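Here the structure comes first, spelled out in structure tokens, and everything after it is commentary.
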Amino acid sequence: MALNQETIKNLSTLARLRLPAEREEKILSDLQSILDWVEQLKEVNIDGVEPLVSVTEGTAPMRKDEVTDGGLQRELMMNAPEEIQGFYVVPKVVK
């Protein structure tokens, strides 16, 4: 794909970038180099290569899905400045 100054101006407008005129030539050159590199990737033979879902092949260990009460109420209530019947007491925030 060939780029020109008009394409650079259009891209900068779409990206909402204010490009100084003296930088347009450098940006044009850089973008053309990137596009040339992408074109080179099309030459790579990928026949028989499966698409990746993840770069790691491992799976996360699964735990049994069980409902519990946690069994930690006493330990958690040790952090509470005040409690009533096993619940935190907090200041009223609605007047």
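Just so it is clear, none of the values below were taken in a lab; they were calculated from the coordinates. Bear in mind that the values here come from a model prediction, so they are computed numbers and not experimental data. Cβ sites come from the backbone with ideal geometry, for glycine too, and all protein chains shown count toward neighbours.
Each row is one residue, and each column tells you yes or no for (1) in a helix (DSSP H, G or I); (2) exposed (fewer than 10 other Cβ atoms within 10 Å of the Cβ); (3) in contact with an Asp or Glu (Cβ under 7 Å, 6 or more places away or on another chain); (4) in contact (Cβ under 8 Å) with a residue 12 or more places away in the chain.
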| site | (1), (2), (3), (4) |
| --- | --- |
| Leu19 | no, no, no, no |
| Leu28 | yes, no, no, yes |
| Asp36 | yes, no, no, no |
| Glu43 | no, yes, no, no |
| Val53 | no, yes, no, no |
| Ala60 | no, yes, no, no |
| Val90 | no, yes, no, no |
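Working only within region 1-17, note down all residues that are polar (S, T, N, Q) and either more than 23 Å from Glu39 (Cβ to Cβ) or in a helix (DSSP H, G or I) (or both).
Residues satisfying the conditions are Gln5, Thr7, Asn10, Ser12, Thr13.
Here are Leu72, Leu41, Leu52: which of them is under 30 Å from Ala2 (Cα atoms) and out of contact with any Pro (no Cβ under 9 Å at 6 or more places or on another chain)?
Of Leu72, Leu41, Leu52, the one residue that is under 30 Å from Ala2 (Cα atoms) and out of contact with any Pro (no Cβ under 9 Å at 6 or more places or on another chain) is Leu41.
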